[in-house]
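Read the structure below first, then the notes.
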Amino acid sequence: MKIGILTGGGDCPGLNAVIRAIVRKGIFHHQDQFVGFMEGWRGVLENITRPLDLEAVKGILPQGGTILRTSRTNPSKKENGMERCIENLKRNGVEALIALGGDDTQSVSLKLYDRGVKVVAVPKTIDNDLTGTDLCFGFDTAVSIATEAIDRVHTTAEAHNRVIVVEVMGREAGWIAIYSGIAGGADVILIPEQPFDIQEIAETIKGRHDRGRYFSIIVVAEGAKLANRTPDTERRKTDEFGHVRLGGIGNTLAAEIEARTGFETRAVVLGHIQRGGSPTAFDRMLATRYGIGAIDLVHQGKFGRMVALKGNDISSVPIADAVSKTRYVSQEFIDVAESLREQHSEEVSSS
Ligand code: F6P
């Protein structure tokens, strides 16, 4: 069978491990042939391809990024975009397409599937906010990097009597912030799901310092929002899926905390460091299982579906379900963070 593969949206540690698993199982067990479409949907739209054989996937398991490169190209925003994609898939003799991506990439997969293309989806986003699966590969790597950064920031904050704000990724959902914040022992964790009041955060920090602590760590997701304030997103650039470029909440927060508490406050923005580099062993394993799951779906003829992790089992869900809504941080995790938060002295003495 001739199978096309592409990687779309923001890159993610483990993409190469997925590609390798698909190609190896496809060739070893089904004598498949593969074609790689470069730079996400741009490659399909503009017919930019590369050969994908055993030689091409040699040594890529531990590599970050993606050998197919990526983009946020949205063919449905281009003139005759979907038709051009279908035409190029035919031109390359592609009988099935495996798309690795998050909700934007998979919304295009769904449009193609609805037009008769045999598509299988693999969930990808370090933000871990895709519905239908319990976990996306790349998330564990991002959390490990963020946690290590928080540990490092901890010792320098303590040495200098500072408040340090660590801004992590997480556009709609605060999974990276809540995991790394809990794992790194942050004093305050701010996520997009819970708009926050700056004065309240300043009071929390002041209260902590009044009780004898002389440093604090705040972890904030880039998409976290101030309560009662419309986000200043109008002047920001948007991508082809309409998402504004985020970032900056860490610096805003640091300036406000310093002004309201008088404590020296610095911000560290982790940004793309969380997305680059080699995947953890956990992510290599998950990515490999997703790759095997995807090629299995192709040969079972189960198209229009996305591989998914349910508990510890690989299964699949309709792509339509996966792109229908964002998977937000669940109350259980919010409760864990809340249970660990330092209480004011009155609260402690009355408990
Ligand atoms: O992949 C999702 C994400 O990591 C978001 O958290 C973030 O807003 C976005 O990517 C940034 O990606 P880029 O800088 O590549 O546009």
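Here are the numbers for this structure:
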{"read-out": "Length-normalised contact order of the chain in % [C-alpha pairs under 8 Å, at least 6 apart]", "value": "22 percent"}
{"read-out": "Helix-only CD estimate at 222 nm, as mean residue ellipticity for the chain, using -39500 (n - 2.57) per DSSP H run (n ≥ 4)", "value": "-12500 deg cm²/dmol"}
{"read-out": "Lys/Arg +1, Asp/Glu -1 at C-beta; the chain dipole; positive extreme among THR105, HIS209, ASN47", "value": "ASN47"}
{"read-out": "Dipole magnitude of the chain about its Cα centre (Cβ charges: Lys, Arg +1; Asp, Glu -1), debye to nearest 20", "value": "1460 debye"}
{"read-out": "Net charge dipole size for region 3-132 [Lys, Arg +1 and Asp, Glu -1 on Cβ; Debye, nearest 20]", "value": "200 debye"}
{"read-out": "DSSP-loop trypsin sites (Lys or Arg not before Pro) across region 1-87, with at most 15 other Cβ within 10 angstrom", "value": "LYS58"}
{"read-out": "FRET E, pair GLU148, ASP114, Förster distance 56 Å, beta-carbon r, rounded to 0.05", "value": "0.85"}
{"read-out": "Residues HIS29, HIS243 arranged by fewest to most Cβ contacts within 10 Å", "value": "HIS29, HIS243"}
{"read-out": "Sparse-neighbourhood loop sites, GluC sites (Glu not before Pro) in region 51-104 - DSSP loop, at most 12 other Cβ within 10 angstrom", "value": "GLU55, GLU79"}
{"read-out": "Most fluctuating residue given options ASN74, ASN228, ASN251, as computed from a GNM of the chain linking Cα atoms under 10 Å", "value": "ASN228"}
{"read-out": "Under 18 Å from LYS302, Cα to Cα: lysines that are on another chain or at least 8 residues apart", "value": "LYS2, LYS25, LYS111, LYS118, LYS310"}
{"read-out": "Positive-pole candidate from VAL35, VAL188, MET306, dipole of the chain, charges at beta carbon", "value": "VAL35"}
{"read-out": "Inter-probe distance in nm under a simple model that places probes 7 Å from Cα toward Cβ, at LYS58 and THR238", "value": "4.7 nm"}
{"read-out": "Contact order relative to length of region 140-276, as percent, for alpha carbon pairs under 8 angstrom and 6 or more apart", "value": "35 percent"}
{"read-out": "DSSP-defined beta bridges in region 82-232 - what % are antiparallel, rounded to 5", "value": "0 percent"}
{"read-out": "Folded to 0 to 90 degrees: helix 103-114 orientation relative to the chain principal axis, Cα", "value": "30 degrees"}
{"read-out": "Extended-chain gain in nm, criterion 0.36 nm per residue less alpha-carbon gap, ASP210 and ALA183", "value": "7.2 nm"}
{"read-out": "Antiparallel bridge percentage (DSSP; both residues within the chain; nearest 5)", "value": "25 percent"}
{"read-out": "DSSP-assigned coil residues among chymotrypsin sites (Phe, Trp or Tyr not before Pro) in region 52-141, each with at most 16 further Cβ atoms within 10 Å", "value": "none"}
{"read-out": "Charge dipole (debye, nearest 20) of region 140-276; +1 at Cβ of Lys and Arg, -1 at Cβ of Asp and Glu", "value": "220 debye"}
{"read-out": "Angle in degrees between helix 198-210 and the longest Cα principal axis of the chain, rounded to the nearest 10", "value": "50 degrees"}
{"read-out": "Degrees separating the helix 281-300 axis from the principal Cα axis of the chain, which is the longest one", "value": "30 degrees"}
{"read-out": "Where only alpha carbons of the chain are counted, the Rg and the Dmax (Å)", "value": "22.1, 73"}
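Values quoted throughout were computed directly from the atomic coordinates according to the rules given, and no laboratory measurement underlies them. Remember, it's a predicted structure, so these values are computed and weren't measured experimentally. Every residue, glycine as well, gets a Cβ built from its backbone with ideal geometry; the counts of neighbours run over all protein chains shown.
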